[in-house]
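To start, the structure under review is shown below, and the notes come after it.
The values are calculated or read from the model by the stated rules, or taken from the named source; none is laboratory data. Please read all numbers here as calculations on a predicted model, not as lab measurements. Glycine gets a Cβ as well: all are built from the backbone with ideal geometry, and neighbour counts include every protein chain shown. In case anyone asks, the SASA skips ligands and DNA or RNA and just uses the protein heavy atoms, side chains included. Shrake-Rupley method; radii C 1.70, N 1.55, O 1.52, S 1.80 Å.
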Amino acid sequence: MDSTVDLDAFSSLVERPDETARRAAEERWAALDLPRGGLGQLQELGGWLAGVQGQWPLRSVEQPRVLLFAGDHGIASLGVSALPAGGTAARVRTVLDGAAPVNVLARRFGARVRVVDVAVDAEEDAFPAEVVRHRVRRGSGRIDIEDALTQDEAERAFLAGVAVADEEADSGTDLVVLGDLGVGSTTVAAVLVGALCGTDAAAVTGRGSGIDDRVWMVKCAAIRDSLRRARPVLGDQLALLAATGGADFAAITGFLLQSAVRRTPVLLDGVVSAACALVAQRIAFRAPEWWRAGQATGEPALIKAYDRLTLDPLQDQRITMGEGVGALMALPLLQAAAATLAELPPAEAEPTT
């Protein structure tokens, strides 16, 4: 698949987090009057934050953003979800009204919420202009029998994600909690993870929205058929996203890569963001150093994706609803790591005799 998007450039543009700042954080932890490793995960997170911020002393996390990419998927028409096909618009409206769980938690933790409609199956005037200005199309194709996107649409969606990353970096966002809104999206994610990890459909088919055994079998068959279409294009990431991804998946992939370029740290929420992270890793192998896995959900595809990305989930709340809710629950951990590292006094020197 020929492309005007230069994916090769990302490999050189993405740098590693600042090792000097990370070591300074480790030295700071060592200087505190605490048992060695006594704060556990907070210590690793403090070092990571120092590295991605590229400075010492590190700053507190003051302008976090919950970013939700939204899109419908044709595969949902097979009944692979407990939610109705085309039902993404209703979920978007709930978030925009401030009445979703993500809104409650974001208010509690001091985060702003932004929805980016990339492919919701709704009229453009259904949402405010700032929500739909990056839209590529209404819904995505049924990936078991047809491409999700055209080549041009895949490129436009990818570049939309790049643009959103630039917008967030330019606005001062210092941490992104990355989530998604989309009926059928865990099926698409499982296809991408299965293709990239070389597994069969049963190994990556999860319960998603809470499906029963009958629907699980329908979902597994849909993933099996979609994997057959994904494998021939594994060598071209944009072709893969066009064939068996979706506009929201292409946008999230572009967003993750450009966020790494712009040195914006990201918390991944679930299997959708993890699947896109796998695609992005194929493009720029250093990019995962800018991300942390916000949570475990129990989805088998998520376990495989995190293993391939060498990311350990920060918590295991088994929150499966998407919307960034699970990763948002990890935000206080990062805020606590930064505050503890910055505010605890160093140990007093032993008196000399």
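Miscellaneous remarks
- Against the criterion of solvent-accessible heavy-atom surface with a 1.4 angstrom probe, 146, 62, 167 sort, most first, into 62, 146, 167.
- Accessible area of residue 145 (1.4 Å probe, protein heavy atoms only, ligands and nucleic acids ignored): about 110 Å².
- Nearest-20 debye value, the chain charge dipole, Cβ charges on Lys, Arg, Asp, Glu: 580 debye
- Heavy-atom accessible area ranking, 1.4 Å probe, most first, across 26, 155: 26, 155
- Heavy atoms of residue 233: accessible area, 1.4 Å probe, square angstrom to 10: 40 Å²
- Rel. contact order, % - alpha carbon contacts under 8 angstrom, at least six apart, the chain: 25 percent
- Cubic angstrom per residue, convex hull over Cα atoms of the chain: 124 Å³
- Among the protein heavy atoms of region 247-312, carbon and sulfur supply 45% of the accessible surface, probe 1.4 Å, non-protein parts ignored.
- Charge tally for residue 241 (other residues, Cβ to Cβ under 13 Å; Lys, Arg +1; Asp, Glu -1): -3.
- Heavy-atom SASA rank of 323, 289 (probe 1.4 Å, accessible area, largest first): 289, 323
- The solvent-accessible area of residue 220, taken with every protein chain present and a 1.4 Å probe, is close to 20 Å².
- Region 199-259: C-alpha pair distances exceeding 12 Å, %: 71 percent
- Accessible surface of region 78-130 [probe 1.4 Å, protein heavy atoms]: carbon and sulfur percent: 52 percent
- GNM result for the chain, Cα springs below 10 Å: residue of 238, 78, 159 fluctuating most strongly: 78
- Top of 230, 163, 301 by mean-square fluctuation, Gaussian network on the chain, Cα under 10 Å: 163
- Surface exposure of the chain, expressed per residue as accessible area with a 1.4 Å probe, stands at 40 Å².
- Size-normalised alpha-carbon gyration radius of region 122-231, reference 2.2 N^0.38 Å: 1.25
- Distance histogram for region 184-318 (every C-alpha pair counted, 5 angstrom bins, percent rounded to whole numbers): 2, 12, 23, 24, 21, 13, 5, 1, 0
- Estimated from helices alone, the mean residue ellipticity of the chain at 222 nm is -14500 deg cm²/dmol (sum of -39500 (n - 2.57) over DSSP H runs with n ≥ 4, per residue).
- For region 36-192, alpha-carbon Rg over 2.2 N^0.38 Å: 1.20
- Summary value for region 246-353: 24 percent relative contact order, contacts being C-alpha pairs under 8 angstrom separated by 6+ residues.
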